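Beneath this line is the structure, given in structure tokens, with notes to follow.
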Amino acid sequence: MSRGTRAPRAVRAAAVALALAAGTVVAAPPAGACACGGLVDGPAYDTSVSSETAVLQWDGTTQTVLLELDALSNAPEVGLILPTPAPAEVALADPEVFRELDALTAPRAVVSDHRWWPELGFGSGSDGAGGAAGVAVLGEVRLGPLDVTTLGASDAGSLGAWLTERGFQLPETIQTALAPYVQDGWSFVAARLAPEEAATFDGTLQPLRVTFPSSSLVYPMRMSAVADDTQSTRTYVLADHRVDRVDPTAEAYEPTVRFAGRVDPATVESAELAALLRAGGFVTSHEQVFTEPGTEIVSDFVFAPAAADVAYTPTYSVVADRRIGPFFAGPVLAFAGVLALAVLVIWSGRRRRAPAPTLAPRPAGA
């Protein structure tokens, strides 16, 4: 399967990113791997993920992921292959979920000092539901401009052949990275822009919601180990309580907590986000950067309840202006002080120059 677009421009593959687990923001190399799976194009083209954001929720048996992806590509066809622990159901997601979560978890300004004076300075392929031996087509759905297929595979070679027949040009690194997921019995989601939509594709697609059975809260990350460039990830987990990363990758390289705290569903505008928060209102977000993915990424991401629901909101220091009306308070108060001093000096000078009062002579005999 493949996705196509004529324009060598930013391809927002949000819908193609078909979530597979936790939320992330990812920078990925051309025709290689990203945290969400394998990004593939033709052998003579360059395709890279510029950003990826996803939201993860798990109810104990079923995992739900919303994911949005931006990419850059000069390829006429580009696609993404995503492993999931079990066959997935796919639907469109509300992009406002991502906008609101980003705003809710953004660092808060904290006043650390005040500025009384102004700063004085100067500058600063072919379609079909048929499958080869070892590959089973578990489901197909049309979502807007996308054709989405859910696959099962018992053999990595057969999966690679099936994908190649449908337009995916798989580098050897991607085929190698798919093999462990096949061995573990995972399923795969493949998406492409429908051929009739290619001429009108403008580079923006709505994000997707992917739901699949899972025995644990997991974000498939192993495919990113074949990436050549730095991988940056951000995960949003919505649950009843705070969660921690408990996988071998986190043990070796500790992720950074971006945000942890409860969010009231009544405070958000997106109906989809409100529903997710009603099912699990504690939001935990982790960030992690891998400069050497091949050695630093050694496992999928796995999440488990934390020991306590310790809230954390990132902050940054700002200097607040002290003003009186539209003016900085320093100059205003200084001017007022100088003016008061001048009035006092003038008043004192006039008092010293004034003639002494004369007393009228007392009457005789007084």
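Structure values in brief
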item: Considering residues of the stretch 105-145 that are under 30 Å from R323 (Cβ atoms) and surrounded by 14 or more Cβ atoms within 10 Å (Cβ to Cβ) only, the residue modelled with the lowest pLDDT; result: W116
item: Set V226, V243, V263: member being at pLDDT below 90, crowded, with 17+ Cβ neighbours inside 10 Å and at negative phi; result: V226
item: Selection within the stretch 279-312 - part of a loop (DSSP other than H, G, I, E, B) and surrounded by 14 or more Cβ atoms within 10 Å (Cβ to Cβ); result: G280, G281, I297, V298, S299, D300, A306, D309
item: Out of T173, T149, T235, sole residue that is within 18 Å of D300 (Cβ to Cβ) and at pLDDT 80 or above; result: T235
item: The stretch 217-255, subset among the aliphatic types (A, V, I, L, M) and part of a loop (DSSP other than H, G, I, E, B), residue nearest to the chain's Cα centre (by Cα); result: M221
item: Scope the stretch 296-343; condition polar (S, T, N, Q) and modelled with pLDDT under 75; matching residues; result: S317
item: Hey, V210 in contact with a strand residue (DSSP E or B) (Cβ under 7 Å, 6 or more places away or on another chain), farther than 28 Å from L276 by Cα, assigned by TED's automatic domain parsing to the domain that holds L273 and modelled with pLDDT of 85 or more or not; result: no
item: Condition met for V263 (over 27 Å from R222 (Cα atoms) and in contact with an Asp or Glu (Cβ under 7 Å, 6 or more places away or on another chain)); result: no
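For (1) touching a strand residue (DSSP E or B) at 6+ places or on another chain (Cβ under 6 Å); (2) within 27 Å of P207 (Cα to Cα), each residue gets a yes or a no:
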position: S270; (1), (2): no, yes
position: E296; (1), (2): yes, no
position: F301; (1), (2): yes, yes
position: A308; (1), (2): no, no
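The values are calculated or read from the model by the stated rules, or taken from the named source; none is laboratory data. Only a predicted model underlies this, so the values are computations on that prediction, with no experimental measurement involved. Note that we place each Cβ from the backbone using ideal geometry, even for glycine, and neighbour counts take in every protein chain shown.
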